[in-house]
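Data block below; observations after.
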Amino acid sequence: MDAGQKQFHDFLMARVLPAKQSEAEALLNRCFEQQAAGTFSTAELQQVIPQFLAMVQPDKLADLQAAMKQFNPNA
């Protein structure tokens, strides 16, 4: 995991529902592995975003969405 991935990991994991921690960790690891292999695509991103959002604590959802907009204004 590179520094940017670690930062995203920590940011997201701090907002994930406690019961979804292991599921979110596994999904993040899969995404990071695909990034390292050069196989992570826009289509994959569009598929995992709803999965991540479903794991976020309701009171932290707006916080996560605001951060996502910094990286993609169309998010």
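The values are calculated or read from the model by the stated rules, or taken from the named source; none is laboratory data. Just so you know, these numbers come straight off a predicted model, no measurement behind them. Cβ coordinates were reconstructed from backbone atoms using ideal geometry, including for glycine residues, and neighbour counts include every protein chain displayed. With ligands, DNA and RNA removed, areas are computed over all heavy atoms of the protein, side chains included. Shrake-Rupley method; radii C 1.70, N 1.55, O 1.52, S 1.80 Å.
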**Q.** chymotrypsin sites (Phe, Trp or Tyr not before Pro) within the chain: DSSP coil, no more than 16 neighbouring Cβ in 10 Å
**A.** Phe40
**Q.** Candidate lysines - alpha carbon under 16 Å from Lys60, same-chain residues fewer than 8 apart omitted
**A.** Lys20, Lys69
Q: Return the long-range amide H neighbours of Val16 (sequence gap of 5 or more, or a different chain), with a cut-off of under 5 Å between placed amide H atoms.
A: Gln57
Q) Dimensions of the chain along principal axes (Cα, Å, largest first)? A) 34, 29, 23
Q: For the chain, report the accessible area per residue in Å² (1.4 Å probe, heavy atoms, rounded to an integer).
A: 65 Å²
